[in-house]
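Input: a single structure, listed below in structure tokens.
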Amino acid sequence: MLNRLARPLLAAPFIASGIDALLRPAGHRATAKRVSDFLTELGLPALEPQAELITRISGGLMTAAGLALATSRTPRLAAFALALMQGPLALANNPFWDHDGDQRTKELNQLISALGLVGGAVIAASDRGGDPSLRWRMQTAAKNAADSASERAEELGII
């Protein structure tokens, strides 16, 4: 019951941001420029000529992943994808290091909020809906197999 409410609430900001990037990529131009400049500093090719297309693709992916999370369709994969996309965007959208005073505080607070969404997505990505982890299942299966083998050996008088 809790996941039915929490997943759409967590997905809503991602969906809204993705739709905005799809419909109004020009509003994301400053973020795309910061990302492109950063990639250029790393020696990677600049994204500026394709910035609008990349913004639209990113927005489409974020919208699709947000909808998948909200509707519980592959929620772990969707949440993981959202966390991967949101992390770099949070830094690019909130360059607190470029500002001083109140504007720096505002940007830092917005960055912390955006990183809170990343944290929520990471938690959602790790949620197995009450199922035990793969590690636990493998250890339990190995223990059960060893116990069964031991019991069978005792029945046969080997031990």
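The values are calculated or read from the model by the stated rules, or taken from the named source; none is laboratory data. From a predicted model like this one, the values you see are computed outputs, not experimental measurements. A quick note on method: Cβ atoms are made from the backbone with ideal geometry, for glycine too, and the neighbour counts reach across all protein chains shown. Keep in mind that these areas ignore ligands, DNA and RNA; they rest on the heavy atoms of the full protein, side chains included. Shrake-Rupley method; radii C 1.70, N 1.55, O 1.52, S 1.80 Å.
Restricting attention to the range 64-86, the residues that are farther than 21 Å from residue 2 by Cβ and within 8 Å of the chain's Cα centre (by Cα) total 4.
Mind checking whether some residue in the range 38-51 is at pLDDT below 90 and within 30 Å of residue 133 (Cβ to Cβ)? For the range 38-51, residues at pLDDT below 90 and within 30 Å of residue 133 (Cβ to Cβ): absent.
A quick yes/no check of all residues on (1) within 14 Å of residue 93 (Cα to Cα); (2) in a helix (DSSP H, G or I):
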position: 6; (1), (2): no, yes
position: 10; (1), (2): no, yes
position: 29; (1), (2): yes, yes
position: 44; (1), (2): no, no
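Does at least one position in the range 52-70 carry a residue that is out of contact with any His (no Cβ under 7 Å at 6 or more places or on another chain), farther than 19 Å from residue 30 by Cβ and not in a helix (DSSP H, G or I)? Checking the range 52-70: not a single residue is out of contact with any His (no Cβ under 7 Å at 6 or more places or on another chain), farther than 19 Å from residue 30 by Cβ and not in a helix (DSSP H, G or I). Residue 66 satisfies every condition listed in (1) buried (at least 17 other Cβ atoms within 10 Å of the Cβ); (2) over 30 Å from residue 131 (Cα atoms) except (2). Checking each residue in the range 123-143 for being open to solvent by less than 80 Å² (accessible area, probe 1.4 Å) and either out of contact with any Phe, Trp or Tyr (no Cβ under 7 Å at 6 or more places or on another chain) or on the phi > 0 side of the Ramachandran plot (or both) picks out 124, 126, 127, 129, 130, 132, 133, 140, 141, 142.
Every test in (1) surrounded by 18 or more Cβ atoms within 10 Å (Cβ to Cβ); (2) at pLDDT below 90; (3) out of contact with any Pro (no Cβ under 6 Å at 6 or more places or on another chain) is passed by residue 83 save one, and that test is (2).
One residue stands out in the range 114-158 among those that are assigned to a helix (DSSP H, G or I) and charged (D, E, K, R): the one that is modelled with the highest pLDDT, namely 143. May I ask you to list the residues in the range 20-45 that are touching an Asp or Glu at 6+ places or on another chain (Cβ under 8 Å) and of a type in the set (A, V, I, L, M)? 26, 32, listed by residue number. Against the numbered list (1) open to solvent by 90 Å² or more (accessible area, probe 1.4 Å); (2) modelled with pLDDT of 85 or more, residue 101 comes up short only at (1).
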